[in-house]
Amino acid sequence: MGRLFKSLKNGNKSAFLAAIVNTIIAIIKGGTYMYTGNVAMFAETMHSLGDAANQFFVFIGSALSKRGATNRFPNGFGRLVHLVLLGAVIIVGIMSFETIKEGFSHIFHPTESTGFAINIAVLGAAVLLEAFVLFKAMREIMHDVGDTTSGFGVFLKSFGHLPKAKPATKLVFMEDLVATAGGILAIIAIVISHFTPFHQAEGIASIIIGLMMFFVVGKVFLDNAAGVLGEADEEMEDKIGELALRDPEVKDVVEVVVIKEGEELHVELEVEVDPSLTVAQADDIKDRLEEKIMQEKGVTDVTIEFDEDDGVLRWEKQKMQEKTEK
């Protein structure tokens, strides 16, 4: 048990904060829905419940994925976070379906809800809390990629850095972005329904919120399915290839493979060297390259192989061809 709690300290902080905030928001929204019967509030309750459960599992998965390798699992537990996220999206998918179903029911059988002031107050407070968590996730993304931008620039740059963020941080960002937008949409629908006879607005808002949740489900599923299979990091492969070529004893780079294991990167490198080098000299090259590569962010292990120099420089030609094709 002590080992488990020790592991949890390494969990994704954005996911943990988001789980707590969304649990509180879900309880408040749920109580408000039971009091007012507002269908837009129902949609927001389901949304917050799904997000809270999802982000709690993400926190657990991100913590356990940092456990070290064992004899049974020599590659470590890096991919565990992807498996947890694949399971977590099922919860959001169910919540999305219920939200859309309730929205259609309200469109065909519209009813006027009560408690206009309390609905607006609760949703307004929820939007502020969601926006706070979203901003924390944005800052976490900037930290993941090593960008020191502060202030309003975080809002703009975090979207561009999103593909490079950790899986758990990316999920929190997407869910809270949708949650913030959904809360604003629900407020607009409640205002329209209160001041006009168009009570179907709440049902339409519920459907749109459900569809936004489905978008998150689809995006997270595709990203983490790739992670479970073992996705290559092409940008890091190029970087390590160039790094290896800068070594004076390396004649060419035969192959670089960088596999993402959750938040960790596993590197396999094959280079060409002068065949007349001694074992001791080759070992020095290996140590030198390994030291430099291990300094790259996220790299946890490096495997280096040697081949004899054939006098043909292929790595730079290959990269030039790939850039031309793109």
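The values are calculated or read from the model by the stated rules, or taken from the named source; none is laboratory data. Everything numeric in this text was worked out from a predicted model, so none of it was measured. Don't worry about glycine lacking a Cβ; one is built from the backbone with ideal geometry, like all the others, and counts go over all protein chains shown. Surface areas here come from the heavy atoms of the whole protein model, side chains and all, with no ligands, DNA or RNA. Shrake-Rupley method; radii C 1.70, N 1.55, O 1.52, S 1.80 Å.
Ordering of 175-182, 248-255 by packing is 175-182, 248-255, highest average first (other Cβ atoms within 10 Å, averaged per residue). One decimal place: the segment Arg67-Glu249 gains 61.9 nm when fully extended, by the rule 0.36 nm per residue minus the C-alpha distance. When the chain is treated as a GNM with alpha-carbon contacts under 10 Å, the residue of Asn71, Asn22, Asn38 showing the greatest mean-square fluctuation is Asn71.
Residues considered: Glu112, Glu235, Glu290. Largest GNM mean-square fluctuation over the chain, using C-alpha springs under 10 Å, is found at Glu235.
Dimensions of segment 37-101 based on its C-alpha atoms, expressed as ranges along the principal axes with the largest first, amount to 55, 16, 10 Å. Using label points projected 7 Å from each Cα along Cα→Cβ, tell me how many nm separate Leu313 and Thr114, to one decimal. Output for this residue pair reads 8.1 nm.
Helix 167-195 and the long axis of the chain differ in direction by around 20°, with both axes built from C-alpha atoms.
Applying 0.36 nm per residue to the separation of Glu291 and Lys157 and subtracting their alpha-carbon distance, the gain on full extension is 45.1 nm.
Here Lys101 is the anchor, and the aspartates and glutamates within straight C-alpha reach of less than 20 Å, apart from those fewer than 8 places off in the same chain, are Glu44, Asp51, Glu112, Glu202.
Note on Ala125 and Thr148: the model spin-label points, each 7 Å out from Cα along the C-beta direction, lie 4.0 nm apart. Length gained on full extension, Ser276 to Glu235, computed as 0.36 nm times the residue gap minus the Cα-Cα distance: 11.5 nm. Summary of packing: across the peptides 224-234, 198-208, 265-275, the per-residue average of other C-beta atoms within 10 Å ranks them, highest first, as 198-208, 265-275, 224-234. Per residue, the accessible area of the chain comes to 51 Å² when a 1.4 Å probe rolls over the protein heavy atoms. The candidate values were (1) 86, 51, 35; (2) 70, 46, 32; (3) 80, 45, 31; the one computed from these coordinates for Cα extents along the principal axes in Å carries the label (1). Highest average first, the peptides 212-220, 154-162, 186-194 ordered by how many other beta carbon atoms sit within 10 Å of their residues are 186-194, 212-220, 154-162. Comparing Ile24, Ile304, Ile209 in a Gaussian network model of the chain where C-alpha atoms under 10 Å apart are linked, the largest mean-square fluctuation is found at Ile304.
Exceedance of the 31 Å cut-off in Cα-Cα distance is limited, within the set Lys166/Lys292; Lys136/Lys239; Lys170/Lys251; Lys157/Lys297; Lys157/Lys219; Lys29/Lys66, to Lys170/Lys251; Lys29/Lys66.
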